[in-house]
Amino acid sequence: MMKKVQVKKGDQVMVISGKDKGKKGKVLVVMPKQGKIIVEGINIATKHTKPRKQGDTGGILKQETPMYASKVMYLCSKCGKPARVGKRVLENGDKVRFCKKCNEEID
Ligand SMILES: [Zn+2]
C-alpha cells in the first residue's frame, strides 16, 4: 500500500534519499493519488529548447519534476529539524498537524 502524503503545499521539506539527498526546498505541488510531490529546486530535469522564432537562440530550460513524497521529510518551521508529522484534534474539533520532534503545532 502506498504511504499517504504527509506534506502540504508550502511546507519546507528535506530530501532523505536519492541524488538530491540533504537538499531542502518548498513543496510546490502535491499529487496525493500518485503519492508524489514537486519541490522547488529539487529533482530538476534539464530540457533543451529549440528556437521558436528567428533571432531566438533556444536554450536550456530547467524544471522541477515530480518525485515520491516518501523521499522527503517535513522540515519543521519551529525547531528547524526534519521530523515526522502527527495529527491531533483540538477541543473545538479542529484538526492540526504537529511536529513529532518538538511537539509544536504546524498549521
Ligand atoms: Zn519541530
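Things to note:
- Within the same chain, lysines fewer than 8 places from K24 are excluded, and of the rest, those with a Cα less than 20 Å from its Cα are K8, K9, K36, K62, K71, K78, K81, K100, K101.
- A crude spin-label estimate for the pair K101 and Q63, with each label 7 Å from Cα along the Cβ direction, gives 3.3 nm.
- Size descriptors for the chain, from the alpha-carbon set: Rg then Dmax equal 17.5, 64 Å.
- Our summary gives the chain a relative contact order of 21 percent, counting only alpha carbon pairs under 8 angstrom and 6 or more residues apart.
- Once the chain from D56 to E91 is taken as fully extended at 0.36 nm per residue, the excess over their C-alpha distance is 6.5 nm.
- Amide proton proximity set for K36, modelled H, under 5 Å, gap of 5+: M31, A69
- From the alpha carbon centroid of region 50-107 to that of region 5-38 is 5 Å.
- Of the residues C102, V89, V5, the one whose Cα sits farthest towards the positive end of the charge dipole of the chain is V5 (charges of +1 on Lys and Arg Cβ, -1 on Asp and Glu Cβ, taken about the Cα centre).
- Karplus (6.51, -1.76, 1.60) ³J(HN,Hα), θ = phi - 60°, over region 38-54, in Hz, Gly and Pro reported as x: 10, 10, 4, x, 10, 6, 7, 9, 9, 10, 8, 9, 8, x, 9, 9, 4
- Projected-area average for region 46-107 over all orientations - Cα convex hull basis, square nanometres: 7.5
- FRET efficiency, 1/(1 + (r/R0)^6) with R0 25 Å, evaluated for K9 and S70 via beta carbons: 0.90
- Residue (of P51, L75, L28) at the positive-pole extreme of the chain, dipole from beta-carbon charges: P51
- Cys residues of the chain counted as unpaired, since no other Cys beta-carbon is under 4.7 Å: none
- When the chain is treated as a Gaussian network with alpha carbon springs shorter than 10 Å, the biggest mean-square fluctuation among I42, I60, I16 belongs to I60.
- A DSSP coil position with no more than 15 other Cβ atoms inside 10 Å describes the following trypsin sites (Lys or Arg not before Pro) in region 55-107: K78, R84, K100.
Each reported figure results from applying straightforward, stated rules to the coordinates on display, with no laboratory input. Quantities reported herein were computed from a predicted structural model and do not represent experimental measurements. A quick note on method: Cβ atoms are made from the backbone with ideal geometry, for glycine too, and the neighbour counts reach across all protein chains shown.
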